[in-house]
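Student: Input: one structure, supplied below.
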Amino acid sequence: MSDARSRAGAAPFRICFVCTGNICRSPMAEAILRSLAASRGLEGDLVVSSAATGDWHVGERADPRTIAALAAHGYDGSAHRARQFDPAWFPGLDLVVALDRGQERVLREWAPTEHDRGKVSLLSSFDPEPGAPADVPDPYYSDAALFDSVLTTIERCTRALFRQLEPAIRRGA
């Protein structure tokens, strides 16, 4: 019996990654976590999304450099469409992961309750590398090399996050 079937009836764990425009960093984290969940047969038990604090790119595809960096690492970001985070989503989310302290601050301000503020975490808080910076740099105004470097950081942090989530998701907690 698959884990998904053994968890029948358990609500999926819902996570949203948030960056500034939802075309670079948060789509990377979303694609990576979806891939990890699918590789473990947990795609029905983990609902992954991403959004922006700003509305500049709503409806747009991920930046072409984001899509290229993801593809080079074996991930598919081609279907992504940017959207803005809505504070009304908080009750339906279990975890809201900000890519830098600016988004973390905004999300905590937008959270309607103390409980919802407690759902906000920095992606870097999951980084297993000692001394890693708190903010994942925004590669938008840079070159493909920074996109690749940022993807490597996001992948490391997202894998560590998934390692923490997976046992609880399998238990249906």
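Student: Please determine whether any residue of segment 84-95 is touching a helix residue (DSSP H, G or I) at 6+ places or on another chain (Cβ under 6 Å) and under 24 Å from Ser35 (Cβ atoms). First the steps, then the outcome.
Tutor: First, the residues of segment 84-95 that are touching a helix residue (DSSP H, G or I) at 6+ places or on another chain (Cβ under 6 Å): 87, 90.
Right, trim to under 24 Å from Ser35 (Cβ atoms) and you get none.
Within segment 84-95, none of the residues are touching a helix residue (DSSP H, G or I) at 6+ places or on another chain (Cβ under 6 Å) and under 24 Å from Ser35 (Cβ atoms).
Student: Filter segment 1-26 down to the residues that are over 18 Å from Ala72 (Cβ atoms), modelled with pLDDT of 95 or more and in a helix (DSSP H, G or I) and list them by number.
Tutor: Of everything in segment 1-26, just one residue is over 18 Å from Ala72 (Cβ atoms), modelled with pLDDT of 95 or more and in a helix (DSSP H, G or I), namely Ser26.
Student: If you take the residues in segment 58-92 that are among the β-branched types (Val, Ile, Thr) and without any contact (Cβ under 8 Å) to a residue 60 or more places away in the chain, which one is nearest to Ala29 (Cα to Cα)? It would help to see each step written out before you state the result.
Tutor: Of all residues in segment 58-92, those among the β-branched types (Val, Ile, Thr) come to 58, 66-67.
So of that shortlist, the ones also without any contact (Cβ under 8 Å) to a residue 60 or more places away in the chain come out as 58, 67.
Working: Val58: 18, Ile67: 12 Å.
Only one residue fits best here, namely Ile67.
Student: Give the number of residues within segment 135-152 that are without any contact (Cβ under 8 Å) to a residue 60 or more places away in the chain and either under 17 Å from Ala52 (Cβ atoms) or surrounded by 22 or more Cβ atoms within 10 Å (Cβ to Cβ) (or both).
Tutor: 3
Student: Just to check your reading of the model, which residue among Ala111, Ala88 is over 19 Å from Asp138 (Cβ atoms), loosely packed, with under 15 Cβ neighbours inside 10 Å and over 12 Å from the mean Cα position of the chain (by Cα)?
Tutor: Working: Ala111 fails: loosely packed, with under 15 Cβ neighbours inside 10 Å.
Result: Ala88 is the single residue among Ala111, Ala88 that is over 19 Å from Asp138 (Cβ atoms), loosely packed, with under 15 Cβ neighbours inside 10 Å and over 12 Å from the mean Cα position of the chain (by Cα).
Student: Has segment 72-84 got at least one residue that is closer than 18 Å to Leu107 by Cα, aliphatic (A, V, I, L, M) and out of contact with any His (no Cβ under 9 Å at 6 or more places or on another chain)? Step through it out loud before you land on a result.
Tutor: First pass over segment 72-84, keeping only residues closer than 18 Å to Leu107 by Cα: 82-84.
So of that shortlist, the ones also aliphatic (A, V, I, L, M) come out as 82.
Then keep just the ones that are out of contact with any His (no Cβ under 9 Å at 6 or more places or on another chain); that gives none.
No, every residue in segment 72-84 fails to be closer than 18 Å to Leu107 by Cα, aliphatic (A, V, I, L, M) and out of contact with any His (no Cβ under 9 Å at 6 or more places or on another chain).
Student: Here's a follow-up. Select, from Ser35, Ser125, the only residue that is within 12 Å of the chain's Cα centre (by Cα) and either buried (at least 22 other Cβ atoms within 10 Å of the Cβ) or small (Gly, Ala, Ser) (or both).
Tutor: Ser35
Student: So which of Ser78, Ser49 ends up being touching a helix residue (DSSP H, G or I) at 6+ places or on another chain (Cβ under 7 Å) and under 16 Å from Thr158 (Cα atoms)?
Tutor: Numbers: Ser78 fails: under 16 Å from Thr158 (Cα atoms).
Criteria check complete, one pass: Ser49.
Student: Could I ask something else about it? Hey, among Ala29, Ala62, Ala69, which residue is surrounded by 21 or more Cβ atoms within 10 Å (Cβ to Cβ), more than 11 Å from the chain's Cα centre (by Cα), small (Gly, Ala, Ser) and outside any loop (DSSP other than H, G, I, E, B)?
Tutor: Values: Ala29 fails: more than 11 Å from the chain's Cα centre (by Cα); Ala62 fails: outside any loop (DSSP other than H, G, I, E, B).
Only one candidate qualifies: Ala69.
Student: Can you tell me which condition Gln103 does not meet? The list is (1) assigned to a helix (DSSP H, G or I); (2) surrounded by fewer than 17 Cβ atoms within 10 Å (Cβ to Cβ), and all the others hold.
Tutor: With (1) assigned to a helix (DSSP H, G or I); (2) surrounded by fewer than 17 Cβ atoms within 10 Å (Cβ to Cβ) applied to Gln103, the lone miss is (2).
The values are calculated or read from the model by the stated rules, or taken from the named source; none is laboratory data. The shown structure was predicted, so the numbers you read here are calculated from the model rather than taken from an experiment. Here the Cβ is made from the backbone with ideal geometry for all residues, glycine too, and neighbour counts use every protein chain on show.
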